[in-house]
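I have placed the structure first, in the form of structure tokens, so that the comments after it can refer back to it.
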Amino acid sequence: MTAIRYHIRHDTLYRYDQPVGESRQMLRLTPRELPGQRCISHRIVVIPEPQRTEDFPDGFGNPVRSLHFEQDHDTLLIRAESWVELDPRPQPELTASPPWEAVRDELIYRAKHIMSAKQLEASAFLFESTHVRVKRDFADYAAADFIEGRPLLEAVHGLMQRINKEFIFDPEATDNSTPVTEVFENRRGVCQDFAHLMLSCLRSIGVAARYVSGYILTRPPPGKPRMVGADATHAWVSVFCPVTGWVDFDPTNALIPEREHVTIGWGRDFGDVSPLRGVILGGGGHEPEIAVTMAPEAEFESLYTDADAPVGDLLQVNFQSQSQGQ
């Protein structure tokens, strides 16, 4: 199979109830450069223009753009556009991975045990974080798949499939603040929740796993065209295996990502890789309006008939169309 190229557009619009006098925003909207993933081009357009910008990698190596606004504004429009090329990913041999207990034991701290650089990196993803809990309940749930001597990746694959089967995708059941313990109890949530749940299960038994944020190619209903702005960001998990390195698993779709997942970044949980996070002075009540589109290269020209219109006008059209379709 040959490489496939995607166009990704991620629009965010804030309409503030009151003028914002000063604002600092951190954007994580730039696809990472990875083996098998190349960011061919990328641009971020911001209206109004910030007074200062800065680009830097965060502690996990994710690209970050910092924006600083020092003048009054009552709206904030941010468009991130990327062309990304993906190579076919070789699927891992699940049964060829080491027993899961052996991988766990290698990451346990003990006197005079010297870890490799890769093991030290992985050990940062063993602990609780803001959205991930280490609890006996999660360890007990994982135990059905992590039986004695089972290959690590085979056990992780089994856990992924069970979460997909036993939990219901329900966008109305949770929000960004819903605790993972509540998701576990109610058996409902969205991709972010299922990623946090799977991470909680894995870390509770001593397996290093990280949260991955990005995009996934969606397909419109049969006979319907792809709609601009109808997609969303996606989340999945990545597990450390000393033989193969990090291996991704998508519990929402019960699959190992191949050529339809684009990685933006990773961290301990959603809080480390939120697409847009900041602080403002003023503003009153406000909720972001978000429109995401990921499309294969072959669909680009037919999908975007407004490519030469002003960015501000385009954002207004996209958000109006999205709200009318819901």
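The values are calculated or read from the model by the stated rules, or taken from the named source; none is laboratory data. No experiment lies behind these values; they were computed from the predicted model shown. Cβ coordinates were reconstructed from backbone atoms using ideal geometry, including for glycine residues, and neighbour counts include every protein chain displayed. Ligands, DNA and RNA are excluded from the accessible area calculation, which covers all protein heavy atoms including side chains. Shrake-Rupley method; radii C 1.70, N 1.55, O 1.52, S 1.80 Å.
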Original post:
Which of the residues belonging to the range 256-270 are open to solvent by 20 Å² or more (accessible area, probe 1.4 Å) and touching a strand residue (DSSP E or B) at 6+ places or on another chain (Cβ under 8 Å)?
Top reply: Ile256, Arg259, Glu260, Trp266, Arg268, Phe270
Subject >> Subset tally (residues that are open to solvent by less than 80 Å² (accessible area, probe 1.4 Å) and either part of a helix (DSSP H, G or I) or modelled with pLDDT of 75 or more (or both)) for the range 287-326 >> reply: 25
**OP:** Enumerate the helices (runs of 4 or more DSSP H) found wholly within the range 94-159, keeping only those where 2 or more residues are assigned by the TED database to the domain that holds Asp193 and of a type in the set (S, T, N, Q).
**Re:** 117-123
Subject >> Hits in the range 8-40 (condition: under 26 Å from Val247 (Cα atoms) and either polar (S, T, N, Q) or not in a strand (DSSP E or B) (or both)) >> reply: Arg28, Leu29, Thr30, Pro31, Arg32, Glu33, Pro35, Gly36, Gln37
Subject >> Hits in the range 228-253 (condition: closer than 20 Å to His131 by Cα and more than 13 Å from the chain's Cα centre (by Cα)) >> reply: Val239, Phe240
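Taking the range 1-24, which residues are more than 23 Å from Ile216 (Cα to Cα) and either open to solvent by less than 10 Å² (accessible area, probe 1.4 Å) or of a type in the set (D, E, K, R) (or both)? Working first, answer last.
In the first step, residues of the range 1-24 are kept if they are more than 23 Å from Ile216 (Cα to Cα); the result is 14-24.
Across the range 1-24, the qualifying residues are Arg15, Asp17, Val20, Glu22, Ser23, Arg24.
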Original post:
Going by the structure shown, is Phe127 in contact (Cβ under 8 Å) with a residue 40 or more places away in the chain and open to solvent by 70 Å² or more (accessible area, probe 1.4 Å)?
Top reply: yes
Original post:
Just a yes or no: is a residue in the range 205-216 within 27 Å of Met1 (Cβ to Cβ) and open to solvent by 30 Å² or more (accessible area, probe 1.4 Å)?
Top reply: no
**OP:** Answer yes if at least one residue in the range 168-179 is open to solvent by less than 40 Å² (accessible area, probe 1.4 Å) and either more than 22 Å from the chain's Cα centre (by Cα) or in contact (Cβ under 8 Å) with a residue 40 or more places away in the chain (or both), and no otherwise.
**Re:** no
Original post:
Which numbered condition trips up Leu77, out of (1) open to solvent by 50 Å² or more (accessible area, probe 1.4 Å); (2) among the aliphatic types (A, V, I, L, M); (3) outside any helix (DSSP H, G or I)?
Top reply: (1)
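Residues of the range 271-283 being more than 15 Å from Val64 (Cα to Cα) and either among the aliphatic types (A, V, I, L, M) or open to solvent by less than 40 Å² (accessible area, probe 1.4 Å) (or both), which ones?
Val279, Ile280, Leu281, Gly283
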